[in-house]
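Everything below concerns the one structure shown next.
Please treat every number below as a calculation from the coordinates, not as lab data. Computed from a predicted structure; not experimentally measured. Here the Cβ positions follow ideal geometry from the backbone for every residue, glycine too, while neighbour counts run over all protein chains shown.
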Amino acid sequence: MSDKKTPKLRSTAWFNNPDNPGMTALYIERYLNFGLTREELQSGRPIIGIAQTGSDLSPCNRHHIELAKRVREGIREAGGICFEFPVHPIQETGKRPGAALDRNLAYLGLVELLYGYPIDGVVLTIGCDKTTPACLMAAATVNIPAIALSVGPMLNGWHKGERTGSGTIVWKGREMLASGEIDYDGYMDLVASSAPSVGYCNTMGTATTMNSLAEALGMQLPGSAAIPAPYRERGQISYETGRHIVSMVEQDIKPSDVMTRQAFENAIVVNSAIGGSTNAPIHLNAIASHLGVPLDNDDWQKLGLDIPLMVNLQPAGEYLGEDYHHAGGVPAVISELMKHGKLPHPNAMTVNGKSIGENCASAEIELPEVILPYDKPLKEKAGFLNLKGNLFDSAIMKTSVISEEFRKRYLDNPDDPQAFEGRAIVFEGPEDYHDNIDNPALDIDEHCMLFIRGTGPIGYPGGAEVVNMQPPAALLKRGIHSLPCIGDGRQSGTSGSPSILNASPEAAAMGGLALIQTGDQVRIDLGKGTADILISDEELAKRRADLETKGGFAYAEHQTPWQEIQRSMVDQFDKGMVLKPAVK
Ligand code: FES
Ligand code: MG
């Protein structure tokens, strides 16, 4: 390292402060216990943290325990000193009542570690759904040099000669189990076939989405997101990432230099092109707010809605993570967008000190059946619509997943091709839905819209992934496979339903969803971007006053202290579900 360029390291305040020998000695003595010498710690070499998200509790990220060894070699090679430490585990498939609850907890914990310890730069080990936003949010808040390293997707799953993708196969298998095509053991085997190796979900769920967007934001080395976890290149890029963070500290490249408004605009466009999860706006809006970068769901509609879907991955398409990598991954997608002038800011800077445009310019689509050309996409207009009305201030809808059946039934009226009306059926959370969806008293027919409430960040801490609801069995038998679904919860990134979700403010925050009643007539206009209960403002105000008199919208008791703490200070989905006191 050249001493001239190097800014004063923050770790010096701990390890080499002659003005305060007492504290310096105390800070330094225990760190000598694992092989480091005083000379090393006081040599002016940067201390690089490895924020370790892998553990036995978080199998998606567990391979990071191996990869960290390569990261360490890179750090040492480049002249840094490495301190690896644990991040609060978040496992999407393991945590009850839901992993989203822990995103802000992991964020808070990581902020304290990065702020309170002698760390000059950090490698963020990302992967499973919420680990990526948690790490990037913390890096945004502390704003010390940071680089992200994906653990990489699992290998493709296979069953009887067909690709089986994470999550997506769970939905399909359930139908096969229900119809008797497979039994309980067959179902377990089928689902397990989708998870053949270390790594995160191999479909375009929230994990592949967020890892791709971490690269599109410029926070990973180019090409890093899509390399499958067990591949040789995954170890190599881990080593390069370790080397690289040392030079980032040297050049003082901080998250605020990389994750600019321009970078977020790029990421929104990439999200549409890859067919990213409906969880992405929540997480990106959260990261942006921790940097003080303005970003909202209107930006998502304005920048993302018209971008076509180019990546043919399940659940929207056919292929899986290995194919995505072989097709060229994120650089190929970005390069193709650039060729059509669709990447808003090719000059946005990335962690390697080059612009995203420079990094991706020479990338080619290697498998055109997996990454389709921009002008021959899988679907047009793959972004999100941001709906508004007396039901909520913001709720998003992925219009590209509207099925032909749905379109014919609801959107084929030539006088009003973008709007539909229906009778509301309101469920008070997932239990009520499961208990009552087949209740004949509700008289659910194809003119109904299913509502679910009490499932937002306050009502169901972290928010529940429950908005995509199946119609009652009687309708399924008649060939009606989807009804319009609206709710203040989320939806799994591996599910492809055309729901109106992430409604903000939620019922528990006294949004319009708290006021709707079963039997109300509702109008959705996708052309105008509106969603309204067709009742007068006076009637709505009266319902609100009545509910307030009763003490507001009722929701279930918390089960753990953190749920209650989060519920007391969390913002709504459109604001990223951030902890309000944490935002700049
Ligand atoms: Fe961890 Fe999908 S469950 S990445
Ligand atoms: Mg999920």
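Some notes on this structure:
- Cα Rg over Rh - the stretch 441-533, Kirkwood: 0.96
- Gyration tensor (alpha-carbon) shape descriptor, the stretch 484-584, a/c threshold 1.5: oblate
- Tensor-based shape of the stretch 322-383 (alpha-carbon gyration tensor, a/c under 1.5 rounded, otherwise prolate or oblate): oblate
- Working note: Cα atoms of the stretch 138-237, range along each principal axis, descending, whole Å: 55, 30, 17.
- Long-range tail of P(r) for the chain (Cα pairs > 46 Å, %): 15 percent
- On the beta carbon distance between residue 405 and residue 537, with R0 = 30 Å, the FRET formula returns roughly 0.30.
- The reciprocal of the average 1/r between distinct C-alpha atoms defines the Kirkwood hydrodynamic radius, which for the stretch 230-286 equals 13.8 Å.
- Oblate is the label for the stretch 269-384, because the ratio a/c of its alpha-carbon gyration tensor axes (a ≥ b ≥ c) is 1.5 or higher and a/b is not greater than b/c.
- Sorting the segments 466-473, 338-345 by their mean number of nearby beta carbons within 10 angstrom, highest to lowest, gives 466-473, 338-345.
- Ratio of the Cα radius of gyration of the stretch 214-309 to 2.2 N^0.38 Å, where N counts its residues: 1.19
- Magnitude of the charge dipole, the chain, Cβ model with Lys/Arg +1 and Asp/Glu -1, debye to 20: 1440 debye
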